[in-house]
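Visitor: Sharing a structure with you now.
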């Protein structure tokens, strides 16, 4: 089976409600969808959400990188030569991690179909379902309480609370949500780089003193501030997770060598795809650092790919794969399914995806 053709398209999927963080506000998921087509007619699906404030990638740059630089080099390559294809994807150009991830996911999908193997089994087959949290956007304490109670009523047992816009108000937000949902619900905080190191330490210590029982806090300081992240990690009791700082394998290697964090958040769009996510998971496992599988605001294509590697690897013990739940529509035929707080990975070959409804070629 050889790669014959690569098609690029897009879908626009409205959100149920605006998604707000310390970095941005989004009202719809604008996803690039890639179809990698083999000479026997089989199709592999990949996706890439433009997340310029994190990856630096736009729809236009993703499409251009695939069409003009990376994609042409893959035409004619054997799908079974997974190592060779990933080498070409990585070496074709610098950066452009979202474009690389889209092609990587589509090729892995084809590889699974070639060998009639679900991807989660290719990655180890440790489990076939996972518990995912649900994100609560940063808003007034009252609105966040309403959203949190709605999530708990829908069966979610872990909430990721967005903070980082105002440290004093953040404490009030978290306190209000904890009082509303009770002690049985896991609460995780994501500051999205919103605090300085000293501000983070003061804020986290206040949360600890108040007994709000926070499971972990994600990326409290700027992504480039590895020393600041280490400063926070060493001065608080709550576990600290690296997200934007843990961009790809090289950055994760540095963070682990520095003992700069307690947990790593892996995202395919940062890492450049599944093959680099696997490297990150292996680094973390070697160092005994648990991982969470995260996502951007993307369609179920990328969520299925992320869930597949998370399900396969024991070290990826947590999941923040709620993007598909936040969407008002699901144009993806096949892939993962959701039951309350559970994300269930299909046993169909590859990603188990057969089409994306409304896909518009560009």
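The values are calculated or read from the model by the stated rules, or taken from the named source; none is laboratory data. Since we're looking at a predicted model, the values are computed, not measured. For neighbour counting, all protein chains shown are included, and Cβ atoms are generated from backbone atoms with ideal geometry for every residue, glycine included.
Visitor: Tell me the residue from 221, 232, 252 that is outside any helix (DSSP H, G or I), crowded, with 24+ Cβ neighbours inside 10 Å and in the same structural domain as residue 295 (by TED's automatic domain parsing), please.
Guide: Of 221, 232, 252, the one residue that is outside any helix (DSSP H, G or I), crowded, with 24+ Cβ neighbours inside 10 Å and in the same structural domain as residue 295 (by TED's automatic domain parsing) is 221.
Visitor: Tell me which strands (runs of 3 or more DSSP E) are completely within segment 264-362 and hold 3 or more residues being touching a strand residue (DSSP E or B) at 6+ places or on another chain (Cβ under 8 Å) and within 15 Å of residue 120 (Cα to Cα), or say none if there are none.
Guide: Fully inside segment 264-362 and qualifying: 316-319.
Visitor: Residue 184 - would you say it is in the same structural domain as residue 139 (by TED's automatic domain parsing) and in contact (Cβ under 8 Å) with a residue 24 or more places away in the chain?
Guide: yes
Visitor: Here are 140, 98, 92: which of them is assigned by TED's automatic domain parsing to the domain that holds residue 73, over 24 Å from residue 299 (Cα atoms) and modelled with pLDDT of 95 or more?
Guide: Within the list 140, 98, 92, the selection yields 92.
Visitor: Right, another one. Search segment 162-181 for residues being free of Cβ contacts under 8 Å to residues at least 40 places away in the same chain and out of contact with any helix residue (DSSP H, G or I) (no Cβ under 6 Å at 6 or more places or on another chain), and hand back the single one that is surrounded by the fewest Cβ atoms within 10 Å (Cβ to Cβ).
Guide: Among residues in segment 162-181 that are free of Cβ contacts under 8 Å to residues at least 40 places away in the same chain and out of contact with any helix residue (DSSP H, G or I) (no Cβ under 6 Å at 6 or more places or on another chain), the one surrounded by the fewest Cβ atoms within 10 Å (Cβ to Cβ) is 168.
Visitor: Here is a list: 212, 207. Which entry is assigned to a loop (DSSP other than H, G, I, E, B) and touching a strand residue (DSSP E or B) at 6+ places or on another chain (Cβ under 8 Å)?
Guide: After ruling out the rest, the residue left standing is 212.
Visitor: So which residues in segment 144-161 are assigned to a strand (DSSP E or B) and either touching a helix residue (DSSP H, G or I) at 6+ places or on another chain (Cβ under 7 Å) or outside the structural domain of residue 343 (by TED's automatic domain parsing) (or both), if there are any at all?
Guide: 159, 161 - these are the residues of segment 144-161 that are assigned to a strand (DSSP E or B) and either touching a helix residue (DSSP H, G or I) at 6+ places or on another chain (Cβ under 7 Å) or outside the structural domain of residue 343 (by TED's automatic domain parsing) (or both).
Visitor: Further, regarding this structure: Residue under question is residue 186, and the condition is that it be touching a strand residue (DSSP E or B) at 6+ places or on another chain (Cβ under 8 Å), under 20 Å from residue 242 (Cα atoms) and modelled with pLDDT of 95 or more; does it hold?
Guide: yes
Visitor: Tell me the residue from 96, 27, 47 that is closer than 25 Å to residue 219 by Cβ, in contact with a strand residue (DSSP E or B) (Cβ under 8 Å, 6 or more places away or on another chain) and surrounded by fewer than 24 Cβ atoms within 10 Å (Cβ to Cβ), please.
Guide: Result of the check over 96, 27, 47: 27.
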